[in-house]
1. Could you tell me the distance between the Cα centroids of chain B and the stretch A:295-334, to the nearest Å?
2. Place a +1 charge on the Cβ of each Lys and Arg in the protein assembly as shown and a -1 charge on the Cβ of each Asp and Glu, then give the dipole magnitude about the Cα centre in debye, rounded to the nearest 20.
3. Magnitude of the Cβ-charge dipole of chain B, K/R +1 and D/E -1, about the Cα centre, nearest 20 debye?
4. Could you tell me how far the Cα centroid of the stretch A:40-110 sits from the Cα centroid of the stretch A:231-257, in Å?
5. Considering only DSSP beta bridges with both partners in the protein assembly as shown, what is the antiparallel share in %, to the nearest 5?
6. Ranked highest first by the average count of other Cβ atoms within 10 Å around their residues, in what order do A:250-256, A:236-242 fall?
7. Relative contact order for the stretch A:54-143 using alpha-carbon pairs under 8 Å, separation at least 6, rounded to a whole percent?
8. With +1 assigned to the C-beta of every Lys and Arg and -1 to the C-beta of every Asp and Glu, and no other charges, what is the dipole magnitude of the stretch A:252-401 about the Cα centre in debye, to the nearest 20?
Amino acid sequence: MAKVDSKKNSILAELYSTFFSKSWPMWVGGILLGVGNIALFLVLKPWGASGGIYVWGANLYNSVFSTGFGFKGGPLPAVGMFPYSIICFLLFLGAMGAALMSKQFAFRFPPAGEILKGLIGGVIMGIGAMVGKSCTLGGFFSGMAALSVGAVVFTIGLGLGTWIAVKYLMFEITRFPKISSGKTASVLGAGKGKGAWQPYVGALVLIWGLIIAFKYTDSSSVRAWYAAIGLFFGFVCQRSRFCLVRALREPFTSGDSKPAIGAMAGILVAMFGFTVIKFMGIRDAMLWVWPHFWIPAIIGGIVFGIGMTISGGCIVGSLWRAGEGHIKLYFALIGAALTMPFATKYIATPLYSALPTSMQTKVFLPDYVGYGASIGIFAVFFLAWYYLVKWNERTGKFSAY
Amino acid sequence: MQSDQVLDCKGLSCPMPIMKLAITMKKFETDKVLELLTTDPGSKEDVPAWCERTGNDLLETVEEGDGFAFFIRKG
């Protein structure tokens, strides 16, 4: 019998190792996130993150200072009632569970200068997201899949912002290396002979996340599914180290094309599902086509791109890295959440009222050329993007090293 | 393993370890060995991939304490 038992253990050990011993390829992560995004759209709407973080920040201000912030011209929803705030929190939990399961969790305290960069990057992201009405999801990962031309403009802005901030980082590391060096600490980490507890706690964290999702089924099955899919997103992001910042940044730094290809894989999968959903009229075709074409999209994209490159994670990237324990990214999220309500009131709202309506429109490509040609145009765009990152990887033309 | 210089990137998250590594290696002499210390789980895959792409030799990876020590010879 002992023999059978040991065989059983080894099968389970093999299963564990399949999921948790090595990081998954980024394109696998991209495809899974694309599928999750389609599921989310079927439940209600596509994936987004900046709205969720705004609601966190605005609720905090309203409860402490009675600031009276609203949301998109209406009353402010409670954090536990707003699907995107729930997704953000469950994504964080899913990533924490995955990091613990794979013994990669530790509270990692970087030098003080890095914490400040996290905070500043977060503040800049908060401004960019409110001006551009999107983050890397609404204006890139989900926005392109929704066939929004504004998302293409926002993404080009992200690329420009990333390029600017990479220049800054190179300058900083060369001229002011002290900013990123100094006293650091790592707490609760796993390593040789320690951290055997992590996978067990990781399983508990994931079960807790599922219980949260299940509890919502009483009040709203939509929120329950949002929670479950959020948990899945966090799990996949951490295991594949899926990163939309890297997708745009690596061509300017190391030249690595894998993150960009991961992003493309996810967008293409989601685009297929979104197009079916929109074409068949299952959901409103204008969903995730934001009124930011083209001035707010380009400005917001550049600003957000600068912020995410300085902090080292967009909203989603910061959430899953925070789940893994990187203190810098907690500060990025705090910076974004605390900035967004004020950025909306004092920067985005005045900007939108000053701009002519022709410069802040929703442009849904199929309205102009039909669905077939839209897919064709995006296919050419992705092929060109793929060719460019692969060519750059070989030649190092745009890469710093 | 012996190294000629240590680059401490403990506590740093992506992209700082790889960017600091790349900038340090630029000024490094050929055949000298740099010891890179990191705690970011991503460096486990990113550092070997970077070495391969840039033609530097990753002589040894040691998992120690909460992170990694990479011994890289400039190629």
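1. First find each Cα centre; the distance between them is then 25 Å.
2. On the way: 41 positive and 25 negative charges, 62 e Å.
Rounded to the nearest 20 debye, it is 300 debye.
3. Working: 9 positive and 14 negative charges, 77 e Å.
Charge dipole of chain B: 380 debye, to the nearest 20.
4. Measuring centre to centre over Cα atoms gives 20 Å.
5. 80
6. On the way: A:250-256: 23.6, A:236-242: 26.0.
Put in order of decreasing packing, that is A:236-242, A:250-256.
7. Working: 34 pairs, mean separation 12.9, N = 90.
Answer for the stretch A:54-143 is 14 percent.
8. Numbers: 10 positive and 5 negative charges, 26 e Å.
The dipole magnitude comes to about 120 debye.
The values are calculated or read from the model by the stated rules, or taken from the named source; none is laboratory data. Keep in mind that what you see is a predicted model, and the values were worked out from it rather than measured. Here the Cβ is made from the backbone with ideal geometry for all residues, glycine too, and neighbour counts use every protein chain on show. The accessibility values were calculated without ligands, DNA or RNA, using every heavy atom of the protein model including side chains. Shrake-Rupley method; radii C 1.70, N 1.55, O 1.52, S 1.80 Å.
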